[in-house]
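The values are calculated or read from the model by the stated rules, or taken from the named source; none is laboratory data. Please read these numbers as outputs of a predicted model, since none were measured by experiment. In this analysis, Cβ positions are derived from the backbone assuming ideal geometry, glycine residues included, and neighbour counts consider all displayed protein chains. These area figures cover heavy atoms from the full protein model, side chains too; ligands, DNA and RNA do not enter into them. Shrake-Rupley method; radii C 1.70, N 1.55, O 1.52, S 1.80 Å.
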Amino acid sequence: MTLHIVNQSPFSSNALQDCLENFAQGDVLLLIEDGVYALQGEFFRAIPGARIYCLEVDTAARAQEATASAKPNVEVINDIRWVQLCTQHNPIVSWFR
Amino acid sequence: MKFSLAVYSAPYSAQSASSALRFARVLLAQGHEIYRVFFYCDGVQNGNSLTAPPQDETDLIAQWQELQRRYHLDLVICIAAAQRRGVLSEREAKRLEKPAANLADGFELAGLGQLVDAVAHSERLVTFGG
Amino acid sequence: MSHSTIALCRTPPYGSAIAREGLEAVLTSAAMEQEIDLLFLGDGIFQLLDHQSPEEIGQKSLRRNLLALPMFGIEQVLVCHKSLRDRTITLDQVQIPGVEVKTIREPGTLIAAYHCVLSF
């Protein structure tokens, strides 16, 4: 199962869209940096039931905490959980442009 | 677990350069091993000793150096990418007849083979770009 | 676990250095006899187009590097079916002599089977 890491806003980059088109059953999505702005849209319909995480520090920095908590399928995680996700999943694919 | 990191972003241009540093720090604090950090593309600027951020901003290069000293990290800058972007060791500066060298202590220049080697010897590769 | 690697080539040539530097990493890997596959997707598809003439923008043809793939033992490349279709590019526009170009309809399943993924 792949861990997909997206760090670009879906409003300015194809990174998230490309990621979702390359998403397999059981894969996991982590939003970091500008990737957390995906919380402002309805992008996750393409991957129903998938586990979606966003990084706490980046979510807080960008005023997305309330948006994140309003999404039932999104979990806000700290840096230690980020490392854990990386140990629990392989391969790790970064979508950065 | 044995990790390697690939860093493609320049410090102060993209957040991913500082995300890589933060991730490395958490990895090590959690008891994981970093086999190598390979700086490629614009990421080679992370080894530029001439960066001079204002006092109230994070000195990313100094923080990589500190982490390197503490954990004996293998911080490798791609030599071909670095030459194009003006990050040179004393030896390279002399060889290429350039007026100055600026490779930061704690980093070393090496070929792309070091990325291939990192992939072959690590259980995980995490890429930081953008 | 398999130690095989796949490189995702998602960026167009010339506008940034990443496509070229990515390809250099792939060729280095192949030269060191490591198992590496290439998947062209998104704008990376544009790397494959024939008749690239970047001389007037001061660059070397990236396509020429791709033509060297068979010399490095890479005899197959994968291309994303949907990425081709989205860009109205046909399979005959992305051929490399001596290399089989194979279209992939479910790239996610493919990627998940690799040990390591390089992104360029």
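Any residue at all in region A:9-19 that is under 24 Å from C:C80 (Cβ atoms), within 10 Å of the chain's Cα centre (by Cα) and not hydrophobic (A, V, I, L, M, F, W, C)? There is no residue in region A:9-19 that is under 24 Å from C:C80 (Cβ atoms), within 10 Å of the chain's Cα centre (by Cα) and not hydrophobic (A, V, I, L, M, F, W, C).
The set of residues in region C:8-50 being surrounded by 23 or more Cβ atoms within 10 Å (Cβ to Cβ) and in a strand (DSSP E or B) consists of C:L8, C:C9, C:I36, C:L38, C:L39, C:F40.
Taken as a whole, region C:52-72 holds no residue that is part of a helix (DSSP H, G or I), free of Cβ contacts under 8 Å to residues at least 40 places away in the same chain and within 14 Å of another protein chain (Cβ to nearest Cβ).
Among the residues of region A:10-59, which ones are among the charged types (D, E, K, R) and part of a loop (DSSP other than H, G, I, E, B)? Scanning region A:10-59 gives A:D27, A:E42.
Out of the residues in region B:89-112 meeting the condition of being surrounded by 15 or more Cβ atoms within 10 Å (Cβ to Cβ) and closer than 24 Å to C:C9 by Cβ, tell me which one is farthest from the other protein chains (Cβ to nearest Cβ). So the residue we want is B:A110. Exactly one residue out of A:R45, A:R81, A:R51 is more than 12 Å from chain B (Cβ to nearest Cβ), in contact (Cβ under 8 Å) with a residue 24 or more places away in the chain and surrounded by fewer than 23 Cβ atoms within 10 Å (Cβ to Cβ): that is A:R51. For A:D34, the test of being buried (at least 20 other Cβ atoms within 10 Å of the Cβ) and touching a residue at least 40 places away in the same chain (Cβ under 8 Å) is failed.
Please verify whether A:A61 is open to solvent by 70 Å² or more (accessible area, probe 1.4 Å), over 30 Å from C:H81 (Cα atoms), touching a helix residue (DSSP H, G or I) at 6+ places or on another chain (Cβ under 9 Å) and within 11 Å of another protein chain (Cβ to nearest Cβ), treating the condition exactly as stated. So A:A61 fits the description; yes. Picking from residues in region B:1-53 that are in contact with a His (Cβ under 7 Å, 6 or more places away or on another chain) and surrounded by 17 or more Cβ atoms within 10 Å (Cβ to Cβ), the one that is farthest from A:V93 (Cα to Cα) is B:Y35. Highlighted here would be strands (runs of 3 or more DSSP E) found entirely within region B:47-130 that include at least 3 residues which are of a type in the set (S, T, Y), but there are none.
Just one of (1) touching a residue at least 24 places away in the same chain (Cβ under 8 Å); (2) open to solvent by 10 Å² or more (accessible area, probe 1.4 Å); (3) more than 14 Å from chain A (Cβ to nearest Cβ) fails for B:E123. It is (3).
Scoring C:R105 on the criteria (1) touching a residue at least 40 places away in the same chain (Cβ under 8 Å); (2) closer than 22 Å to C:S4 by Cα leaves a single failure, condition (1).
Listed by first and then second residue, the pairs with beta-carbon distance under 7 Å, at least 6 apart or on different chains, first residue in region C:37-51 and within 16 Å of C:S119 (Cα to Cα), second hydroxyl-bearing (S, T, Y) and crowded, with 20+ Cβ neighbours inside 10 Å, are C:L41/C:S83; C:G42/C:S83; C:D43/C:T11; C:G44/C:T11; C:I45/C:S83.
Residue-by-condition table, conditions (1) away from chain C (no Cβ under 14 Å); (2) touching a helix residue (DSSP H, G or I) at 6+ places or on another chain (Cβ under 6 Å):
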site	(1), (2)
B:A52	yes, no
B:V76	no, yes
B:A81	no, yes
B:V87	yes, yes
